[in-house]
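*Asks:* Below is one structure. I have some questions about it.
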Amino acid sequence: MAVEKTLVLVKPDGVKRGLIGEVISRFEKKGLKIRALKMIWLSKEKAQEFYSVHKDKPFFNDLVEFITSGPIVAMVLEGDSAISVVRLMIGATDGRKAAPGTIRGDFALSIQDNVVHASDSPESFEREFKVIFTETEIVPEY
Ligand code: CMP
């Protein structure tokens, strides 16, 4: 068993559509532990840093525009194999291809407006987490 942490964002489309509770509820019911949680509105600079791995992609500017178009809810979740478990629960990037039962499969019909983001590896978590949170914003183990 490997206890991992992962970073999840409810993106501006999810917040605007009133899906914050739905998304958090799915992770809570699964048994993942919330170690940090906050609502923020990312600056352009933070958004560019967060999505820096995509900086050469044709959709980069649109992605930064989208993720800064409204507030987001960011959280750190913890649990056994949390990274792969959460990726399974959110579904494929393109909401049109995401399996029913996944968050994107149930709530998204777009590749950009896809409700949630989640870290894809421990390295991504370490990088992404530092853009959004400080160490002191993670509550002690409980
Ligand atoms: P996310 O999991 O947050 O990681 C990068 C994001 O870029 C992705 O979700 C989508 O919101 C967005 N994205 C990925 N591919 C495309 C694409 N081809 N066109 C537009 N946006 C994309």
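The values are calculated or read from the model by the stated rules, or taken from the named source; none is laboratory data. Keep in mind the model is a prediction, meaning the values are calculated, not measured. In this analysis, Cβ positions are derived from the backbone assuming ideal geometry, glycine residues included, and neighbour counts consider all displayed protein chains. Surface accessibility is based on the protein's heavy atoms, side chains included, excluding ligands, DNA and RNA. Shrake-Rupley method; radii C 1.70, N 1.55, O 1.52, S 1.80 Å.
*Asks:* Any chance you could look up the accessible area of residue 89 with a 1.4 Å probe, heavy atoms only, rounded to 10 Å²?
*Replies:* 40
*Asks:* Within 10 Å of each candidate Cβ there may be at most 15 other Cβ atoms; applying that plus a DSSP loop requirement, which chymotrypsin sites (Phe, Trp or Tyr not before Pro) in region 25-83 survive?
*Replies:* Filter output for region 25-83: 41, 59.
*Asks:* I would also like to ask the following. Keeping all protein chains in place and using 1.4 angstrom, which order do 127, 104, 96, 17 fall into by accessible surface area, from largest down?
*Replies:* Largest accessible area first, the residues go 96, 17, 127, 104.
*Asks:* Ordering 113, 56, 62 from largest to smallest accessible area (1.4 angstrom probe), what's the sequence? Can you show the working numbers first?
*Replies:* On the way: 113 60, 56 140, 62 95 Å².
Result of the area sort, largest leading: 56, 62, 113.
*Asks:* Counting just the Cα atoms, what span does region 6-142 cover along each of its three principal axes? Round to the nearest Å and put the largest first.
*Replies:* Answer, in whole Å and largest first: 41, 34, 26 Å.
*Asks:* Also, I was wondering about something else. Please work out the C-alpha center-to-center distance from region 36-87 to region 100-130 and express it in whole Å.
*Replies:* Their Cα centres are 8 Å away from one another.
*Asks:* Still on this structure: Quick one: putting +1 on the C-beta of Lys and Arg, -1 on the C-beta of Asp and Glu, what dipole do you get for region 3-137 around its Cα centre, in Debye to the nearest 20? Let's see the in-between values first.
*Replies:* Details: 20 positive and 20 negative charges, 63 e Å.
Its charge dipole is roughly 300 debye.
*Asks:* Let me ask something else about it. With the crude spin-label approximation of a point 7 Å out along Cα→Cβ, what separation in nm comes out for residue 120 versus residue 138?
*Replies:* 2.2
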